[in-house]
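Coordinate-derived values only; no laboratory data. Since the model is a prediction, treat every value here as computed from it, not as a measurement. We place every Cβ from the backbone using ideal geometry, glycine too, and count neighbours over all the protein chains shown.
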Amino acid sequence: MTTNQPRKRTTVRVRAALTIIAVSLASSVFASAIGIYFSTREIAQTVSDDLTLLGDISTGMVVSSINKIKEDTTYVGSMMDRAYTTGGVGELKSTLESEVGPGPSFISLGVVFPDGTIVSSEKEHCGYAAPTAEDASYYLELAPEDGVRVADLSVTASGESLIRCYLKISGGAVFISTLSGDYFSYLFSESDYSIYSSGRVFILDGAGTVIADSNTGETNMLGASFLNSPGEFGDAVNDALFGEGTENVVVQYEDQFENAGRIICAYTPIVHRDERWALFVTVPVSSTPVPDMRNLFLISGLLFLAFGAIASIFLSAMQVKPYDELDRQNALLTELKAEAEDAGRAKGDFLSNMSHEIRTPLNAVIGMTTIAKNTTDEKKRYESLVKIEEASHHLMGVINDILDMSKIEANKLELDPTDFRFEDMIRRVSDIIGFRMEEKHQNYSVEIDPAIPPYFHCDEQRLAQVITNLLTNAIKFTPENGDIRLQAQLAGVTSEAAEIEISVTDTGIGISKEQQARLFTSFQQAESSTSRKYGGTGLGLAISKHIVEMMNGSIWIESELGRGSKFSFRIKAGLADASETMTGKSNDGIVPNEFAGKRILLAEDIEINREIVRSLLEPTGVTIVDAVDGYDVIEKFAADPGAYDIIFMDVQMPGLDGYEATRRIREMETDGTRHIPILAMTANVFKEDVDKSLAAGMDAHIGKPIDMAQVLEKLRLYL
Ligand code: ADP
């Protein structure tokens, strides 16, 4: 269940984020669409309003212009009628000539007679405007009986555009006035006629021909006619000229007209009596005043989108946070739980191992003691005692390991460096464990790099402890006749210190890769079955690792299951001088009567301990005087200070303890009497205990259980 949860949460997170993004996307599209719709409508409305106005104005302008032309034509036509009826063709001709010019820029005035005769007069350079024979028959036929007409734009053979008005005068003749096709364009330009910045206004005649263009002032642009232009635009022109409406401005869009991009075209019909023209406007969408508005809506749409995206990120992050926090806490809890379970299991195993580890040698001690007591066979008794000694040493080792471990856990393990000879230390270690190898017929070899400096300043005991531990394991986990090799190599040296690599290689059972990783942790054994088969507390390697690290080194293992193991470690040790190395070789053998005549005052409240000391030292010939507590030792010493050569002082004694007794003895010595060596002899073996003894005035420290070699060494030193 715990493994599924994060995935489930991730899905929820992704779903939440996707929902938010989808909602914001939808709202942004919605906003943009609304924006575009309204702005489009707004554009259409605005353009439509503007064009309505423009249409009104221009329709008025066109209509009034047409009216003016018609009026002028009517007026000049009646003048011509009069001139012809009163003075004939001659009079008509001269009147025509005098009238070309005035009025709304007539460029040609003329009369066509029913017999086809044409009398006309043109402005300078405007000969093309004279009615042709074809025109004559055309206008004679079309001219109404009364009133004046404006013809659609006509184009001459040489390409000039013309607007013509015509009316019937006396004798069936028709009077024709002609304007330049540019007339309306001219009007546009005169009145600064434009819409928006780049809009164009056209006037189309009934045939769809452009009569005027606000932009160019020229008529024949765009091929003169919009009527034939393709698609909606052409339809629009058609509608404008022939459609139903007379009032409405119709706005349409047309793409890519004249390559001008998106344009709006609008038209309004100009209907005046018989004529139906149209005002046509084209405006590029970009130049209308409103597209900004559409942009505004588009931008607001984008802002919606951005807002949605940010909100989704933010919200999903907010969701993710508690989930992450939860995941983290769950993971931590699971980890802690697993750790606690592991630690609990390891400690549980440890306790049962420990009980086993302590009971086994105790069982041997008790059993063998009974055997020794009851047997009369001296050899058997001796063997029992040897086994008792062995079991006691083992027990001692277990207890020392536990004490070391508890010190390590309390961060109280300290090194106590002394000067020593490296080879001697290796030899002592080898001696101690040698007999066990012999028992198992294992082949033991020692290789010491000759380059290793002879003397070191380092915690010899602790270094020996690590090597002993590795060797003990090698012996334990290597079958009979196996090989065990101890190697010491110089890894580096300076004028003050050396780095030494020491390794113990065996041909034992080996350790699998997974198990190797756990080995150096306290209470861990490669397999729990190990303890049943081989015994052990699982503390040795953890202690060794700690010691090695305190010596600025590291420890590691190379091993293959079933083939053997190689434990190696490196440490840095200070170099020492041969002269400063005190004892060099100690002699732990008893020399009979070596201390004959010397007297030891032994302060010890437990009788058996007094007896042990007495028995052990008996062969040396030393005399031992017992004191049973602190008061007793002071009393005996005070009675005759010169009678003793050394005091062995137990520390924990009822009444007055060893520290206080020492202090009081030292006080007695202030009057100039000689300093008597006082040696603590106690089971309190930690460094702080040693320090405390020294602080109380003692000279040295001997640990219990008593190591004979150590006692002899101290006696030799002080006696
Ligand atoms: P102990 O030996 O008292 O159990 P250690 O910490 O010295 O504790 O060793 C831990 C475990 O490492 C042992 O129980 C054993 O499983 C494994 N081990 C140590 N040394 C060896 C070796 N030389 N060969 C095989 N296994 C070993």
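Show me the three semi-axes of the equivalent ellipsoid for region 614-677, from the C-alpha gyration tensor (sqrt of 5 times each eigenvalue), largest first, rounded to whole Å. All intermediate terms of the calculation are to be shown ahead of the outcome.
On the way: eigenvalues 79, 52, 17 Å².
Calculated on Cα positions only, the semi-axes equal 20, 16, 9 Å.
Highest mean first, how do 551-558, 489-496 rank when packing is the count of other Cβ atoms within 10 Å averaged over residues?
551-558, 489-496
Name the residues whose placed amide hydrogens come within less than 5 Å of the amide hydrogen of residue 521, ignoring near sequence neighbours (fewer than 5 apart) on the same chain.
Sorted by chain and number, the residues that satisfy this come to none at all.
Around residue 495, with a cut-off of 14 angstrom between Cβ atoms, what is the net charge of the other residues, counting Lys and Arg +1 and Asp and Glu -1? Present the calculation step by step, with values, prior to reporting the outcome.
Working: positive: 572; negative: 496, 499, 577.
Within the 14 Å Cβ shell, the charges total -2.
Each residue of region 671-687 in turn: what ³J(HN,Hα) in whole Hz from Karplus with 6.51, -1.76, 1.60 and θ = phi - 60°, glycine and Pro shown as x?
Listing the rounded values in order: 7, x, 5, 5, 7, 8, x, 10, 10, 5, 10, 8, 7, 7, 10, 6, 4 Hz.
Can you tell me the mean projection area, over all orientations, of the convex hull of region 336-420's alpha carbons? Units nm², please. Walk me through the numbers before you get to the answer.
Working: hull surface 34.9 nm².
It is 8.7 nm².
May I ask for the net charge around residue 539, where only other residues with Cβ less than 9 Å from the Cβ of residue 539 are counted and Lys, Arg are +1 while Asp, Glu are -1? Walk me through the intermediate numbers first.
Details: positive: none; negative: 401, 404.
Surrounding charge for residue 539 is -2.
Can you give the extra length, in nm with one decimal, that the chain gains between residue 64 and residue 30 once fully stretched, where that is 0.36 nm per residue apart less the Cα-Cα distance? Kindly include the intermediate steps, with their values, before the conclusion.
Details: separation 34, 0.36 × 34 = 12.24 nm, distance 4.96 nm.
Gain on stretching residue 64 to residue 30: 7.3 nm.
When Rg is the radius of gyration of the Cα atoms in region 440-493 and Rh is its Kirkwood radius, what does Rg/Rh come to? The partial results should precede the final answer.
Values: Rg = 13.2 Å, Rh = 12.7 Å.
Rg/Rh for region 440-493 comes to 1.04.
Ignoring solvent entirely, what values of log10 I(q)/I(0) come out of the Debye formula for region 402-479 at 0.18, 0.19, 0.21 Å⁻¹ when each Cα is a single scatterer?
-0.87, -0.93, -1.03
Can you work out ³J(HN,Hα) from phi for every residue in region 147-154, in order, using Karplus 6.51 cos²θ - 1.76 cosθ + 1.60 and θ = phi - 60°, giving whole Hz and x for Gly and Pro?
In residue order, the calculated couplings are x, 10, 10, 10, 7, 4, 4, 10 Hz.
Report, by chain and number, residues whose modeled amide H sits under 5 Å from the one on residue 497, excluding near sequence neighbours (fewer than 5 apart, same chain).
Amide H to amide H, under 5 Å and 5 or more residues apart or across chains, residue 497 pairs with 575.
How would 377, 671 line up from fewest to most surrounding beta-carbon atoms within 10 angstrom?
671, 377
For the cross-link pairs 68/123; 598/687; 476/714, which exceed 28 Å when the distance is taken from alpha carbon to alpha carbon?
On the way: 68/123 20 Å; 598/687 30 Å; 476/714 34 Å.
Pairs exceeding the cut-off: 598/687; 476/714.
Could the peptides 325-332, 401-408, 501-508 be put in order, highest first, of the mean number of other beta-carbon atoms found within 10 Å of their residues? List each step's numbers first, then the result.
Values: 325-332: 11.8, 401-408: 17.6, 501-508: 21.8.
Result, highest mean first: 501-508, 401-408, 325-332.
For region 430-478 and region 625-665, write down the distance between their C-alpha centroids in whole Å.
Each part reduced to its Cα centre gives a spacing of 40 Å.
Could you give the length gained by full extension between residue 618 and residue 552, i.e. 0.36 nm per residue of separation minus their alpha carbon distance, to one decimal place?
Working: separation 66, 0.36 × 66 = 23.76 nm, distance 4.40 nm.
Stretched out fully, the residue 618 to residue 552 stretch lengthens by 19.4 nm.
Jot down the radius of gyration and Dmax of region 679-718, Cα atoms only, both in angstrom.
9.7, 25
Note down the nm distance, to one decimal, between modelled labels 7 Å out along Cα→Cβ at residue 128 and at residue 18.
Here the modelled spin labels are 7.3 nm apart.
Using a cut-off of 20 Å between alpha-carbon atoms, which aspartates and glutamates can reach residue 379, once sequence neighbours fewer than 8 places away in the same chain are excluded?
Straight-line reach from residue 379, under 20 Å: 389, 390, 439.
Please compute the modelled spin-label separation between residue 490 and residue 716, points set 7 Å along Cα→Cβ, answer in nm with one decimal.
2.9 nm
Can you tell me the Rg and the Dmax, both Å, for the Cα atoms in region 600-719?
Rg and Dmax of region 600-719, Cα atoms, are 13.0, 36 Å.
Please give the peptides 441-452, 165-176, 628-639 ranked by average Cβ packing (other Cβ atoms within 10 Å per residue), highest first, as a rough proxy for protection. Could you put the intermediate results ahead of the total?
Values: 441-452: 13.3, 165-176: 20.8, 628-639: 18.3.
So the order, starting with the most tightly packed, is 165-176, 628-639, 441-452.
If amide hydrogens are placed 1.01 Å from N in the peptide plane, which non-local residues have theirs closer than 5 Å to the one on residue 107?
178, 179, 180
Over all directions, how big on average is the projection of the convex hull of the alpha-carbon atoms in region 69-120, in square nanometres?
Working: hull surface 13.5 nm².
Average projection, Cα convex hull of region 69-120: 3.4 nm².
Can you give the local net charge around residue 482? Use residues other than it whose beta-carbon is closer than 12 angstrom to its beta-carbon, Lys and Arg +1, Asp and Glu -1. Can you show the working numbers first?
On the way: positive: 440, 476, 485, 563; negative: 480, 483, 506.
Surrounding charge for residue 482 is +1.
Between residue 306 and residue 341, what is 0.36 nm times their sequence separation minus the Cα-Cα distance? Round to one decimal in nm.
Values: separation 35, 0.36 × 35 = 12.60 nm, distance 5.04 nm.
That works out to 7.6 nm of additional length.
What ³J(HN,Hα) values, in whole Hz, does the Karplus curve 6.51 cos²θ - 1.76 cosθ + 1.60 give for region 428-436 when θ = phi - 60°, with x put for Gly and Pro?
The phi angles translate into 4, 4, 4, 4, 4, 9, x, 5, 5 Hz.
By a straight-distance test (C-alpha under 14 Å), which aspartates and glutamates pair with residue 70 as possible cross-link partners, with residues fewer than eight away in the same chain excluded?
146, 152, 274, 275
Any lysines with Cα under 20 Å of the residue 337 Cα? List them, leaving off those in the same chain fewer than 8 positions away.
Hits, sequence-local ones excluded: 347.
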